[in-house]
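Enquirer: Quick one: structure below, then a few questions.
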Amino acid sequence: MAESDSPTTEVPAATRWIAIVGLVALCALLVALFAPLFHAPLFSDDTFSVNQVTKMEHWTEALQPDAFSYFRPVKNLFFFIMVKSDAMHPAYHMATVAAYLLATVGVFVLCQRLLGHPLWGLAAAALWALSASNVTIGAWASCLNISVAAAAMTFGLWAWDKWRETNGSPSFGILSFVLFALALCSYETAVSLAPLVVLLDLYRGRELFKKGAMIRYAGIAALVICYLLIRGLQGADATRADNPSYALDIETWQVSASAPYFLWTHFLMWLAPWGRLECLGSYLWDLSIPAIILPFCWLLLIGAACLCIRFWRAGNLVIFGLAWFFIASFPSSNFIPLKNTPYADYYIPIPAIGLALVAVAILRGLVKVTRPNSGHAQGSRRLAWALIFLIAGSRVVNLTAFQGWVQAWRNPVMILVHTAAARPYQYLSKAILSGTMLEIGKRELAEDYAGRTLQDTEELALPFTTLGQLRYDQGQFDEAAALFQIAANKRHLTQETRLITHFYLGRLIARDPTQADRAFAEFIEVLKHHNSKLHFQTILEASDLFDRAKRHHDRVNTLVRGLEIYPNNTQLEAQLKDARAKLSEEVEAP
């Protein structure tokens, strides 16, 4: 196969300037669309990341695995900078949107090169950036690294393509490898770069087995292998065995068997996002979808792959885009049973670059058909116009879903509500909603979501702790105790839910002063964790327990330790004064 000497078509300078102005306008539109989120609260994973980096003293500690045992130094460094600079919430969101804009520019740069025209490149970038399934990576601080990865991958592939041109400058090769390394340090999906560079060379019609090409591919392979080795040496988990999106007893083969279903679910999120978007999905084998459907998902995938192979030829951008989608989806879709979250909209943006190319390539072909001198019959031209309006119109209508998902991110509770409604057996989002609703005082909704979670599965502790707190507040202490005893032996999503269980069990046992030792054994589990929301209240509960049990010496010791953590706290000082007075009376009594 002869290598293409001129992969792009020369266009007038005025056209390039129009494209650049259009790109600036697109970025301005994105800023306007995301602006309502600048004052939104942090959400879920953000809190875990903030808590982790708060304990770090030096930036080099950010090179360790993140709060979820993923090796994502870019994400850790971002949160380290934000926390150590005492940044307010708007700064987190502005940085996240800035990274998304950078990714949009990267998509434009790569697509205009592949399409051979800056205006078509702009169309692909707009279609990608304004897809509703992309909103989460522009809205959620914990997804900033995905935008960085998308930017590094697209700019890196652009540099690779420049390097592979005849007489291409070696500086482009160095740049591509640096960007590929940045992508790998940002997000695991970047491991798909190895097959993507081969796909790009195939698209260009280049020889794959020449000495120079083989050396380049070996370099990419070495880079990915080095990344995987460093990832392992840093202690990152190879799989998420404890991912709460799956039941504990799900088999690895069942995860892999479900992979095509996860992939097609993500495809539908991009194609028709209304009512399908979610970011904390759950999956129960043979319940979320009947297992009998899975072979048909495999057949559909195999059929699509066979069609891509059958119609492959150099320069076919439609097949290239579809192949990009399948290749870039592979790392997150659990074909290798890594137990990634089964479905989440933040998995879609990088694979969706290929889908944007497919859509624009089809549109470009239809536009050619509509030209009077195209040689096509009038009926064919009318059909082409109808298809153009259908494709373009569907993506414009997609903006309603985009705007709706932006509005949902203004109040992250709505993200959970939408996720819970997206499909059956969304037990994880329902469980989190039960606890969230209790925190904000919506007790009826808290009980409703806890009950709905237990209808799906009884594996998680959170619905039991929610119901236990409700029963405690209602004075139904025996039922509350039973619920917390169940919760103690269930699967806790966070350390805090485990501590809530110990706290309330301690409270309930402490109702009998003769059981002070048993009650304090529960309280001590909370007291070990100074960063717990319940820590201070637990000191007061333990103080009251020892006061009622007339164990004044233990009460004094508890309060003294409490004041070491909360110095000059007037409430603790007053209690300590009272405890010492009672201890003195006890010592002086005959």
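Enquirer: If packing is taken as the mean number of other Cβ atoms within 10 Å per residue, what is the order of 81-92, 553-564, highest first?
Expert: Those peptides, ordered most packed to least, come out 553-564, 81-92.
Enquirer: May I ask you to give the percent of accessible area on the chain that is carbon plus sulfur, with a probe radius of 1.4 Å?
Expert: Its accessible area is 63 percent carbon and sulfur atoms.
Enquirer: Could you run the Karplus curve 6.51 cos²θ - 1.76 cosθ + 1.60 with θ = phi - 60° over the stretch 232-245 and give me ³J(HN,Hα) per residue in whole Hz, x for Gly and Pro?
Expert: Result, rounded to whole Hz: x, 5, 7, x, 5, 5, 6, 9, 9, 4, 9, 4, x, 6.
Enquirer: Rounded to the nearest 10 degrees, what's the angle between the helix 443-456 long axis and the longest principal axis of the chain, both from Cα atoms, 0 to 90?
Expert: 70
Enquirer: Another question, if that's okay. Nearest 10 degrees is fine. How inclined is helix 89-115 to the longest principal axis of the chain, computing both from alpha carbons?
Expert: Helix 89-115 sits roughly 20 degrees off the main axis of the chain.
Enquirer: Hey, can you rank 51-64, 259-272 by average C-beta count inside 10 Å, highest first?
Expert: Answer by packing, highest mean first, reads 259-272, 51-64.
Enquirer: Right, here's the next one. At a Förster radius of 45 Å, what calculated FRET efficiency corresponds to the Cβ-Cβ distance of ILE362 and TYR425, to the nearest 0.05?
Expert: Computed FRET efficiency for ILE362 and TYR425 comes out at 0.80.
Enquirer: Going 7 Å from the Cα of ALA574 in the Cα-to-Cβ direction, what parts of the stretch 522-545 have a backbone nitrogen less than 15 Å from that spot?
Expert: It comes to 540-541, 544, nothing else.
Enquirer: Next question. Work out, step by step, the length gained on full extension between VAL21 and ALA305: first 0.36 nm times the residue separation, then minus their alpha carbon distance; give nm to one decimal.
Expert: 98.4 nm
Enquirer: As a test of the formula, what do you get for the chain when each DSSP H run with n ≥ 4 contributes -39,500 (n - 2.57) and the sum is divided by the residue count, at 222 nm and rounded to the nearest 500 deg cm²/dmol?
Expert: Result for the chain: -22000 deg cm²/dmol, rounded to the nearest 500.
Enquirer: First check a/c for the stretch 311-440, with a ≥ b ≥ c the square roots of the eigenvalues of its C-alpha gyration tensor; if it is under 1.5, answer rounded, and if not, answer prolate when a/b is larger than b/c or oblate otherwise.
Expert: Oblate shape, in that a/c is at least 1.5 and b/c is the bigger or equal ratio.
Enquirer: Cα axis of helix 294-310 to longest principal axis of the chain: angle in degrees, 0 to 90, nearest 10?
Expert: The two axes meet at around 30 degrees.
Enquirer: Sticking with this one: Which residues does the label zone of ARG240 cover in the stretch 283-322, counting backbone N under 20 Å from a point 7 Å along Cα→Cβ?
Expert: Output list for this probe position: 283-289.
Enquirer: Let me ask something else about it. Please report the net charge: other residues with Cβ closer than 11 Å to the Cβ of LEU157, K and R +1, D and E -1.
Expert: That works out to +1.
Enquirer: In units of 2.2 N^0.38 Å, what is the alpha-carbon radius of gyration of the stretch 131-192?
Expert: My calculation over the Cα atoms of the stretch 131-192 gives 1.27.
Enquirer: Too long at a 23 Å Cα-Cα cut-off: which of LYS550/LYS577; LYS339/LYS533; LYS75/LYS533?
Expert: Pairs exceeding the cut-off: LYS339/LYS533; LYS75/LYS533.
Enquirer: What's the ranking of 485-494, 140-149, 315-324 by average number of surrounding C-beta atoms within 10 Å, highest first?
Expert: 140-149, 315-324, 485-494
Enquirer: Once each part is reduced to its C-alpha centroid, what is the distance from the stretch 375-392 to the stretch 153-231 in angstrom?
Expert: Their Cα centres are 39 Å away from one another.
Enquirer: Using alpha carbons only, how many angstrom separate the centre of the stretch 35-97 from the centre of the stretch 316-349?
Expert: First find each Cα centre; the distance between them is then 26 Å.
Enquirer: Just want the answer: with Cβ charges of +1 for Lys and Arg and -1 for Asp and Glu, which residue in VAL560, ALA125, PRO12 is farthest toward the dipole's positive end in the chain?
Expert: Result: PRO12.
Enquirer: Quick check: pseudo-label points 7 Å beyond the Cα along Cα→Cβ at GLN64 and ALA87, how many nm apart are they?
Expert: Taking the simple label geometry, GLN64 and ALA87 are separated by 2.2 nm.
Enquirer: I've got another one for you. Label points 7 Å out from Cα along the Cβ direction at SER169 and GLU57: separation in nm?
Expert: 4.5
Enquirer: Evaluate E = 1/(1 + (r/R0)^6) for SER256 and ALA35, where r is the Cβ-Cβ distance and R0 equals 35 Å; express this FRET efficiency to the nearest 0.05.
Expert: The value I calculate is 0.25.
Enquirer: Give, as a single signed number, the net charge of other residues whose beta carbon lies under 13 Å from the beta carbon of CYS111, with Lys and Arg counted +1 and Asp and Glu -1.
Expert: That works out to +1.
Enquirer: As an exercise, identify the trypsin sites (Lys or Arg not before Pro) in the stretch 170-238 lying in DSSP coil whose Cβ has no more than 16 other Cβ atoms within 10 Å.
Expert: The qualifying sites are LYS210.
Enquirer: Assign unit charges at the C-beta atoms only (+1 for Lys and Arg, -1 for Asp and Glu), then state the dipole size of the stretch 492-583 relative to its Cα centre in Debye, rounded to the nearest 20.
Expert: Dipole magnitude for the stretch 492-583 comes out near 160 debye.
Enquirer: Let me ask something else about it. Rounded to the nearest 20 debye, what is the charge dipole size of the stretch 245-388 about its Cα centre when +1 sits on each Lys and Arg Cβ and -1 on each Asp and Glu Cβ?
Expert: Using only the charged Cβ atoms, the result is roughly 1060 debye.
The values are calculated or read from the model by the stated rules, or taken from the named source; none is laboratory data. Keep in mind it's a predicted model, so treat the numbers as computed, not measured. In this analysis, Cβ positions are derived from the backbone assuming ideal geometry, glycine residues included, and neighbour counts consider all displayed protein chains. Quick note on the areas: whole protein, heavy atoms, side chains included, nothing else; ligands and nucleic acids left out. Shrake-Rupley method; radii C 1.70, N 1.55, O 1.52, S 1.80 Å.
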